[in-house]
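Before any comments, here is the structure.
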Amino acid sequence: MNSTFSPASAPAPAPASGPALGAPGPPEVPSRPEPPRRWHRPLVYFAALCGLLALATCVGMVVDGRTILGEPVWLKPFKFVVSFGLYCLALAWMFSLFPRWRRTLWVLGTAVAAACLVETVAIFLQAGRGTRSHFNVATEFDVAVQQVMGNGSIVLLLGTLAIGLLLLVQKRVDRPLSWAIRLGVLLCVAGMVIGPLMTRPTPDQLRAEESGVELLTRGAHSVGAPDGGEGVPVTGWNAGSGDLRVPHFVGLHGLQVVPLVALGLAAASRRVPVLRGEGVRTALVVVAGAGYAGSFALLTHQALRGQALFQPDALTLGLGGGLAAAVVLLGAAVYAVAAHRARSGGPGTA
């Protein structure tokens, strides 16, 4: 028998362990979509409560004829719940945009909502009693209420500052909105810092205290005149002297205004090609934020000088005109540079 090896008698090669070339591989498992991030529930619930309380205070202003310093007794609670509601709603939305430190942000947001609730209860309690909530030291109970609100303000200030620091280092959303949120939080903190300026005794109060008079109020929001008297409709700001509530209000609501600028630019970019690059929108947001910060500083300067909001002198008008011109020129320059690059085919602004 011929034992010579022949190709025909060679064993067949073992099949390869992997799939043959061109053969379909195993089906790819689709990546699980990231679940939508929810808004911070305690902040949302408190904002909804503020909406209901705002309606209740509107009814109160109609059926309750009592006044405090010439204002309807329920006007101040109305203003506070509207402001608190907008503030908490803006924070709840911002929390949904960022993925990092969610548990820490949840704790901080809950502390902020609790502090807002405590202040709201105190303000409504004093309004129901027909007396002032802020600066009131007439009785031991009023002093205790004042201290509770002061502690709540500290929690709000520190909580907002901590939230701002955490949001500063997160990069989840696009650059324009990210910068807008950061600038808005910083402006909000600056607005809160105005609060302690109002709690200082006025010169008249210091003189009265030195002469042995027992004070019924300590601190004031007006500068250069006592609280009360003619006020601006709806807001109640002093119409005849400086009022620190003006910069306080403007600073606090930078938290909503500056992000709205970013959202407005994003919406406009659908029809305006120059705005489609993130770079140009970021620059415009920074210009708007700087202009808003300048307005806040100017209003603070005006109030501290004892000057009424709608009675500016030449210095205030000059500073305001210079600020407005600077903002317009910078914004126009940013837009013009972006438009020139788009026409010349230069480097994009994204």
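The values are calculated or read from the model by the stated rules, or taken from the named source; none is laboratory data. Here the structure is a predicted model, which means the values were calculated and not measured. A quick note on method: Cβ atoms are made from the backbone with ideal geometry, for glycine too, and the neighbour counts reach across all protein chains shown. Just so you know, the surface numbers come from the protein's heavy atoms only, side chains and all, with ligands and any DNA or RNA stripped out. Shrake-Rupley method; radii C 1.70, N 1.55, O 1.52, S 1.80 Å.
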Notebook entry, point to check: If you add up the charges near Val213, with Lys and Arg at +1 and Asp and Glu at -1, over every other residue whose beta carbon is less than 11 angstrom from its beta carbon, what do you get?
Noted result: -3
Check: Under a 1.4 angstrom probe, counting protein chains only, how are Tyr87, Tyr292 ranked by accessible area, largest first?
Finding: Tyr292, Tyr87
Notebook entry, point to check: Cα centroids of region 71-100 and region 212-258: how far apart, whole angstrom?
Noted result: 19
Next item on the list: Please identify which residues in region 237-276 have an amide N closer than 17 Å to a label point set 7 Å out from the Cα of Leu69, following the Cα→Cβ vector.
Entry: 237-250
Next item on the list: Measure off 7 Å from each Cα along the Cα-to-Cβ vector at Tyr45 and Ala144, then give the distance between these two points in nanometres to one decimal.
Entry: 2.7
Notebook entry, point to check: Could you give the angle, 0 to 90 degrees to the nearest 10, between helix 140-168's Cα long axis and the longest principal axis of the Cα atoms of the chain?
Noted result: 30
Check: Cα axis of helix 254-268 to longest principal axis of the chain: angle in degrees, 0 to 90, nearest 10?
Finding: 40
Next item on the list: Quick one: net charge around Thr202, please, counting Lys, Arg +1 and Asp, Glu -1 for every other residue with C-beta under 14 Å from its C-beta.
Entry: -2
Check: What ranking, highest mean first, results for peptides 98-109, 239-250 when packing means the other Cβ atoms within 10 Å averaged over each residue?
Finding: 239-250, 98-109
Next item on the list: Over all directions, average the projected area of the Cα convex hull of region 99-209 and note it in nm².
Entry: 8.6
Item checked: Estimated [θ] at 222 nm from DSSP helical runs (n ≥ 4, -39500 (n - 2.57)) normalised by residues in the chain, nearest 500 -> -21500 deg cm²/dmol
Check: Hey, what do the phi angles of region 87-94 turn into as Karplus ³J(HN,Hα) couplings, whole Hz, using 6.51/-1.76/1.60 and θ = phi - 60°, x for Gly and Pro?
Finding: 4, 5, 5, 5, 5, 4, 5, 4
Next item on the list: Could you check how much of the accessible area of the chain is carbon and sulfur, as a whole percent, using a 1.4 Å probe?
Entry: 68
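Counting Lys +1, Arg +1, Asp -1, Glu -1, what net charge surrounds Ser83 among other residues with beta carbon under 14 Å of its beta carbon?
+2
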Notebook entry, point to check: Based on the alpha carbon coordinates of region 41-92, what radius of gyration and maximum Cα-Cα distance (Dmax) apply, in Å?
Noted result: 12.2, 38
Note to self: Using the Cα centre of region 167-263 as the reference point, and only Cβ charges (+1 on K/R, -1 on D/E), how large is the resulting charge dipole? Debye, rounded to the nearest 20.
What the structure shows: 740
Check: Which angle between 0 and 90 degrees, to the nearest 10, do you get for helix 41-63 versus the longest principal axis of the chain when only C-alpha atoms count?
Finding: 30
Check: How big is the C-alpha Rg of the chain next to the rule-of-thumb value 2.2 N^0.38 Å, as a ratio?
Finding: 1.47
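Based on the Cβ-Cβ distance from Ala332 to Met61, what FRET efficiency comes out when R0 is 45 Å, to the nearest 0.05?
In this case the efficiency is close to 0.55.
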Checklist line | Rule-of-thumb Rg ratio for region 151-255 [Cα; 2.2 N^0.38 Å; N residues] | finding: 1.38
Next item on the list: Skip the ligands, DNA and RNA, and give the accessible area per residue of region 31-189 with a 1.4 Å probe, whole Å².
Entry: 50
Next item on the list: Among the trypsin sites (Lys or Arg not before Pro) in region 260-308, which ones are in a DSSP loop with at most 15 other Cβ atoms within 10 Å of the Cβ? Mind listing them?
Entry: Arg270, Arg271, Arg305
Margin query: Taking the square root of 5 times each eigenvalue of the Cα gyration tensor, what semi-axes in Å does the equivalent ellipsoid of region 243-294 have, largest first?
Written below: 27, 10, 6
Margin query: I'd like the distance between the alpha-carbon centres of region 292-327 and region 123-151, rounded to an integer number of Å.
Written below: 33
Next item on the list: Take the eigenvalues of the Cα gyration tensor for region 228-350, scale each by 5, and report the square roots as semi-axes in whole Å, largest first.
Entry: 36, 16, 10
